[in-house]
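Below is one structure, written out as structure tokens; the observations come after it.
The values are calculated or read from the model by the stated rules, or taken from the named source; none is laboratory data. This is a predicted model, so every value here is computed, not measured. Cβ placement follows ideal geometry from the backbone for every residue including glycine, while neighbour counts extend to all protein chains displayed. Side chains are part of the model used for accessible areas, which takes the heavy atoms of the whole protein and leaves out ligands, DNA and RNA. Shrake-Rupley method; radii C 1.70, N 1.55, O 1.52, S 1.80 Å.
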Amino acid sequence: MIAFGHALRRAGSWLGLLGLLVLAGQARAEPAMTPLILGFYLPGIRDANPTDIRASLQLWVEEIAKPYRLQGEARMYDDMRVLYRDAMQNRVDLVIAPAMELTETFRPEELTQGFSARRRGSDEGLALIVQKSSGLSQFRDLRGKHVLRLSNDRLGQIFLETQCQRETASPCSKLFNLAEEKRDVQSIHRVFFGQADAALVSLGTLHAASELNPQIGARLRVLLEWKAQSLAFGMMTVRSDPAYRDLLLRSAMQASQTVRGVQILELFKTDYMVRAGISDVQPFWNLYHEYQDLTHRKAASRK
Amino acid sequence: MSRRWRFPRIFPANRIFLRVFGTFGSLLLAMTVLYGLLIIPLQRDSLLKVLYSQAATVSRSIIQACSEAMLSDDYGFIVEHNLQVLQNDKGIESVLIVPRQGDALRITPTGWRMLDRLEAHILPSDFKSESFGIIHADGGHARYRYVTPIRFSGLNWGTMRVDFNTSEYDANIDSMYHQLFFISGLSLMAILPIGYFFALWLTRPIATISAAASLVADGDLKAHVNIRRDDEIGLLSNSFNQMVDALAQNRYQLENINQELETKVAERTQALDVLNQTLDQRVRNEIAKRQAQEQILIHQSRLAAMGEMIGAIAHQWRQPLNALSLVLQNMQLQYRMGQLSEESMQRLQGKADQLILHMSRTIDEFRNFFKPSKIKETFALAQALHSAGNILEGVFKNHNIELSIDCADDLLLTGVPGEFSQVILNLLSNAKDSILTAKQAQPRIYIHARKVALQVQIDVEDNGGGIDPVILHKIYEPYFTTKEEGWGTGIGLYMSKMIIENNMYGRLEASALPRGTRFTILLPGVMPEG
């Protein structure tokens, strides 16, 4: 499970956590008449074998559900469209996915309530970091520089591209040398050791890296910051059973009050769960809309 | 009915049991502790080897995984990889990487940081060879440190130091000590019953045999031991039973023999009682018989002495008789010649009277000598010696034997004078016979009497050739004689010894002289009155 814990990075880690906590919290509620199905968007979980992730999530779902006579199923999706279809056909009770993929697939009126995981003392969001001694003080200064971002990170891609369009009205590919790293911490270290000029990383990872080495905080500076409640959410659709919604909400909020819930929280290095609503996901829709506006405007202007 | 000795039911608190139990227990416990003390260093070495192997493997793995990053100065990868290694391996406390060029890194499970130059100097970047071992920090915290140079194709890139916590090693060592303690305790718990039963098994038969032996020693020959084992103790048990059986049989035989002996003793006692009843009479008879024999012997001796004396008288009387015959012939001749005057008649008659008187005195002396008196009295030794000499004077003169008597007049003896004279006469007569047999040219007999302390010693010496030493111890036996048949009775010296030693409480001994014999008489002396 340690490998699994490492694998669940950034948004991916929240996906598994949210589903498991729902089951752990619901264990104290009334037995469900029908199985509770959690739909995971698998590409959101990084650096791990998908087969291992499926097996682990299913095992843990069953393990947690068994003592409470609750049947649970962890259903994995490689395609958000399929997940969207199942959710809209009420075959999935809870959709667990990175925030940007969630907002790209669902419209606000299709989702109702959900949860996100938080750590104490750590904000969630994105940070563009540079070395203090590099002399870079504005986004524009990144022109011609070596910039890193996380691979397969739709949020980072959209955020960075939005910034490039907003600041320079040109795509990032023309503004600086963009490279991708598999993990945020790699990007942080490369900037720290001067192997890259800047990197877009999650605030949580930056905070964790600074905890591991305070020299990072002393040597690096955040050039640009974008905060959000969380980078991943577990949300129910408007078509989900209202009885289930209350059950899931109540269970999630009681997760930190049960032994097994605390174990799962510790496993995913999470302190507590917070209730999430449409407003919490709204910044991502805003960002996405801005991104669409800027890129479509550019495309239209090209036409 | 033979009573069989069985094992005692209760634990016997004998000393041999305690000794065996104590020895067995101590030995086993000592062996356990010794084994533990010997095995722990070996285990410790093994654990250190495991630590070394682990450290070397981890270090090589890190270097290999980070080789590309090291060569390309990708410190980010080095940090991430080591963080991942440290998170995966909780046994690693820290990794210190000091490149020859660039910043040194120290990575721990809780973080990492770059070291400044001063800090980096704690480890030289050009470390030549690996080193390893357990080190103790200031706080006493122990860790296993492995330092190795980082080389790539002969290029010395830097040095890496990996610190491992020794909690597992310490836990293993503690576990070994706990196991040793546990095993020792377990051994002790096992020793107690095992040692108890072992010691009991070993010593109980001995104690049983000892108890049975004590019963046997107290006389109970029915005590047997019932130990059925096929070892030496079983053999000892059988032998013991056989020995007790043999003892019982011997005792039975002994009792029979004793009974027979007692019967015989009773019979003998009865016979002795009868014998004792007649013994006094027989003793008296024997004494009377012996006294009669002695009387006979004495009588024979006296007769023999009388024979001797008659010869002596003949020699004594021959000269006066011849002289008397000459007086009578002279008287007859003077008468025929008419010359016999009154005066000559009276002179011749006077001479004849003297001769007759001399002969008469001779007879008196003999008569006194043989007077059968048994009354003890004190008499003068010199007188007794001279009387005896006078008796034999004629005989000695006839054989030209010189008799010398050297005796003081004041020497007195107590006894029967006739018996003492008989002894002296016997000794003088034997001396005369020896002298005559030896045909001594100058025969001589010397009597010397003197006082020695409170005794009187009388030596009678002759030069008659002496007595053969071979027969010296037999001369006092009765009827023993060296004289020709018809010349000696063999009772003279026997009687002399009896008279001196039995009647006069003295001693008579013979000793050889160069040319003769000495008879020594020792008698109690008598102090003269006044």
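Structural remarks
- Sub-7 Å Cβ pairs linking a first residue in segment B:278-300 that is under 21 Å from B:Pro478 (Cα atoms) to a second residue that is of a type outside the set (Phe, Trp, Tyr) and part of a helix (DSSP H, G or I), at least 6 apart or interchain, are B:Leu297/B:Met495; B:Ile298/B:Met495, ordered by first then second residue.
- Checked against the criterion of being within 14 Å of chain B (Cβ to nearest Cβ), closer than 22 Å to A:Glu124 by Cβ and open to solvent by less than 60 Å² (accessible area, probe 1.4 Å), segment A:150-164 contains not a single residue that satisfies it.
- Pairing each residue of segment A:193-216 that is farther than 23 Å from A:Leu155 by Cβ and in a helix (DSSP H, G or I) with any residue that is of a type in the set (Asp, Glu) and modelled with pLDDT of 90 or more, provided the two are 6+ apart or on different chains, yields no C-beta distance under 6 Å.
- Selection within segment B:369-428: residues that are free of Cβ contacts under 8 Å to residues at least 40 places away in the same chain and more than 60 Å from the chain's Cα centre (by Cα). The member of this set that is surrounded by the fewest Cβ atoms within 10 Å (Cβ to Cβ) is B:Asp409.
Yes/no matrix, rows are residues, columns are (1) in contact with a helix residue (DSSP H, G or I) (Cβ under 6 Å, 6 or more places away or on another chain); (2) of a type in the set (Gly, Ala, Ser); (3) surrounded by fewer than 16 Cβ atoms within 10 Å (Cβ to Cβ); (4) not in a helix (DSSP H, G or I):
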| residue | (1), (2), (3), (4) |
| --- | --- |
| B:Asp170 | no, no, yes, no |
| B:His178 | no, no, yes, no |
| B:Ile194 | no, no, yes, no |
| B:Thr203 | yes, no, no, no |
| B:Asp220 | no, no, yes, yes |
| B:Asp230 | no, no, yes, yes |
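- Among the conditions (1) in a strand (DSSP E or B); (2) within 8 Å of chain B (Cβ to nearest Cβ), the only one that A:Val222 does not satisfy is (2).
- Scanning segment B:376-390 for residues being farther than 18 Å from B:His448 by Cα and out of contact with any Leu (no Cβ under 6 Å at 6 or more places or on another chain) gives a total of 2.
- Among the conditions (1) at positive phi; (2) within 14 Å of another protein chain (Cβ to nearest Cβ), A:Ala169 misses just one, which is (2).
- Residue in segment A:131-154 that is closer than 24 Å to A:Val274 by Cα, assigned by TED's automatic domain parsing to the domain that holds A:Leu178 and touching a residue at least 24 places away in the same chain (Cβ under 8 Å) present: yes
- Taking the criterion of being touching a Leu at 6+ places or on another chain (Cβ under 7 Å) and either farther than 30 Å from A:Thr237 by Cβ or of a type in the set (Gly, Ala, Ser) (or both), the residues of segment A:123-144 that qualify are A:Gly125, A:Ala127, A:Leu128, A:Ile129, A:Val130, A:Gln131, A:Lys132, A:Leu136, A:Phe139, A:Leu142, A:Arg143.
- Answer residue from segment B:430-483, given it is of a type in the set (A, V, I, L, M, F, W, C) and part of a loop (DSSP other than H, G, I, E, B) and is modelled with the lowest pLDDT among those: B:Phe480
- Test: residue in segment A:244-261 that is buried (at least 20 other Cβ atoms within 10 Å of the Cβ), at pLDDT 90 or above and more than 14 Å from chain B (Cβ to nearest Cβ): no
- All positions within segment B:84-114 that are facing chain A (nearest Cβ under 7 Å), open to solvent by less than 30 Å² (accessible area, probe 1.4 Å) and either over 16 Å from A:Arg190 (Cβ atoms) or not in a strand (DSSP E or B) (or both): B:Gly111
- B:Ser434 vs. criteria more than 13 Å from B:Phe519 (Cβ to Cβ), hydroxyl-bearing (Ser, Thr, Tyr) and crowded, with 17+ Cβ neighbours inside 10 Å: no
- Residue in segment B:243-251 that is under 30 Å from B:Leu42 (Cα atoms) and acidic (Asp, Glu) present: no
- Scanning segment B:158-206 for residues that are closer than 21 Å to B:Ile134 by Cβ and among the small types (Gly, Ala, Ser) turns up B:Ser167, B:Ala171, B:Ser175.
- Pairing each residue of segment A:78-91 that is open to solvent by less than 50 Å² (accessible area, probe 1.4 Å) with any residue that is among the hydroxyl-bearing types (Ser, Thr, Tyr), provided the two are 6+ apart or on different chains, yields C-beta distances under 7 Å for A:Met80/A:Tyr41; A:Met80/A:Thr105; A:Leu83/A:Tyr41; A:Leu83/A:Tyr77; A:Ala87/A:Thr237; A:Met88/A:Thr237.
- Residues in segment B:502-519 that are open to solvent by 20 Å² or more (accessible area, probe 1.4 Å), under 23 Å from B:Leu297 (Cβ atoms) and at pLDDT 90 or above: B:Tyr505, B:Arg507, B:Glu509, B:Ala510.
- In segment A:123-139, the residues that are in contact with a Gly (Cβ under 7 Å, 6 or more places away or on another chain) and over 28 Å from A:Arg245 (Cβ atoms): A:Leu126, A:Gln131
- Scanning segment A:165-185 for residues that are crowded, with 21+ Cβ neighbours inside 10 Å and in contact (Cβ under 8 Å) with a residue 40 or more places away in the chain yields a single hit, A:Asp184.
- Those residues of segment A:186-212 which are surrounded by 24 or more Cβ atoms within 10 Å (Cβ to Cβ) and within 7 Å of another protein chain (Cβ to nearest Cβ), in sequence order: A:His189
- Selection from segment B:68-82 of residues that are within 12 Å of chain A (Cβ to nearest Cβ), open to solvent by less than 10 Å² (accessible area, probe 1.4 Å) and touching a residue at least 12 places away in the same chain (Cβ under 8 Å): B:Ala69, B:Ile78, B:Val79, B:Asn82
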